Amino acid sequence: QVQLVESGGGLVQPGGSLRLSCAVSGTIFSWYPMGWYRQAPGKQREFVATITSGGSTNYADSVKGRFTISRDNAKNTVYLQMNSLKAEDTAVYYCKLVRGSYDYWGQGTQVTVSS
């Protein structure tokens, strides 16, 4: 079955950087668009960034210029490089694979931005 496993979260000071990874198994990774979403305490899950199978990217306005999504099809992995982190970036970050009409989600990784 399709599995997504995120890693790379942690505690970082404001202005710092983190790189999240999402390893995918159980499907032909290179065929499908991938996305990163996040959910802060008491808030709905929100879109962060997406990347198509061809490598085209799209970002939420709140992260544009600070975050970069990329993919390595040889490693079946999608990344989220997060720079200039702010306290408001604190959330659980989830990756998503879209295959047809079905969305597959990982279990999430916590990112906390605090001094």
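Things worth noting here:
- Evaluation of residue 71 against the conditions (1) within 13 Å of the chain's Cα centre (by Cα); (2) in contact (Cβ under 8 Å) with a residue 60 or more places away in the chain shows that the sole unmet condition is (2).
- Region 87-115, residues that are loosely packed, with under 13 Cβ neighbours inside 10 Å and charged (D, E, K, R): 88, 103
Only the coordinates and a few stated rules stand behind these numbers; no lab work does. On a predicted model such as this, the values are computed, not experimentally measured, just so you know. As a convention, Cβ positions derive from the backbone with ideal geometry for all residues, glycine included, and neighbour counts pool all protein chains shown.
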